[in-house]
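Each value in this text was obtained by applying a stated rule to the coordinates, not by laboratory testing. Model, not experiment: these values are computed from the prediction. Using ideal geometry, Cβ is built from the backbone for each residue, glycine included, and neighbour counts are taken over all protein chains shown.
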Amino acid sequence: MWVYLLLLMAPLVSAQTFSCGRCPDVTVQKTFDLQRYLGRWFEITKLPASFERGKCIEANYALRPDGTIQVLNKQMEEPGKLTPIEGTAVVKNQSEPAKLGVGFSYLSPVGTYWVLYTDYTSVAVVYSCTDIMRVFKVEFAWILARNRTLSMETRARAEAELQRAGVKLCQLIPTDQTGCDLNTL
């Protein structure tokens, strides 16, 4: 039965980090300040994600009048062509503001978006995990930066945060942020 379940689910999780087990209990940034987090972030590295296949990937977070957060992600899938997608993020529990839910379509479920660490000015570490029937999990993780590059020591600090969350660093793939300057997103 489990083999059939895996075969049925494979197309849904292709190019994701899909594994057995439940999502871990991770620690998020305790003193998270959403206002300081808002703005433009560039993707430095990530766990594989089927919806992120381009280069020059960035996200811009802005507070809407209704208190939700506009999430505007952009990537270049073809030279000179930017592909945007807009979503909405919400703080699910005001006592844990670093745990957000984010959705990009009314048809898709809201995913987790947990800020494990940020210094607000240079780097952010984000983790997401979804349990599937409490037997399998689909994970996403990102290291984001305020610039298209990140120093080695800052990156090492970010990677240490991902390791604490149980993310295998060997699964991370870098995001190509070269040749993006003429294509300001």
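The overall shape of region 85-176 is prolate: from the C-alpha gyration tensor, with semi-axes ordered a ≥ b ≥ c, the ratio a/c is 1.5 or greater and a/b exceeds b/c. What does the net charge come to around Q94 if you take all other residues with beta carbon closer than 14 Å to its beta carbon, with K and R at +1 and D and E at -1? After counting each charged neighbour, the total is +1. Which of these, I143, I57, I132, has the largest mean-square fluctuation under a Gaussian network model of the chain (Cα springs below 10 Å)? Greatest mean-square fluctuation among the candidates belongs to I132.
Under a Cβ-Cβ cut-off of 15 Å, what is the net charge of the residues other than Y117 that fall near it, where Lys and Arg count +1 and Asp and Glu count -1? Residues near Y117 contribute +1 overall. Comparing N73, N93, N60 in a Gaussian network model of the chain (Cα springs below 10 Å), the most mobile by mean-square fluctuation is N93.
When the Cα positions of V135, A156, G67 are compared along the charge dipole of region 14-174, A156 comes out farthest toward the positive end, with charges on each C-beta of Lys, Arg, Asp and Glu. Using a/c under 1.5 as the rounded threshold, could you call the chain rounded, prolate or oblate? The axes a ≥ b ≥ c are square roots of the C-alpha gyration tensor eigenvalues, and prolate needs a/b larger than b/c, oblate otherwise. Rounded is the answer for the chain, as its axis ratio a/c remains below 1.5. Each label point was placed 7 Å from the Cα along the Cα-to-Cβ direction; for V135 and C170 their separation is 2.7 nm. Placing +1 on the Cβ of every Lys and Arg and -1 on the Cβ of every Asp and Glu, with no other charges, gives region 14-174 a dipole of roughly 100 debye about its Cα centre. Mean residue ellipticity at 222 nm, helices only, the chain: -3500 deg cm²/dmol; runs of at least 4 DSSP H residues each add -39,500 (n - 2.57), and the sum is divided by the number of residues. As a quick test, which of the pairs K99/K137; K30/K99; K30/K55 have an alpha carbon distance above 20 angstrom in this structure? From the list (K99/K137; K30/K99; K30/K55), the Cα-Cα distance tops 20 Å for K30/K55. Largest GNM mean-square fluctuation across T118, T31, T88, computed for the chain with C-alpha springs under 10 Å, falls on T31. As a proxy for reagent exposure, ranking E52, E161 by other Cβ atoms within 10 Å from fewest up yields E52, E161. Cβ screening of the chain for cysteine pairs under 4.7 Å finds these without a partner: C20, C170.
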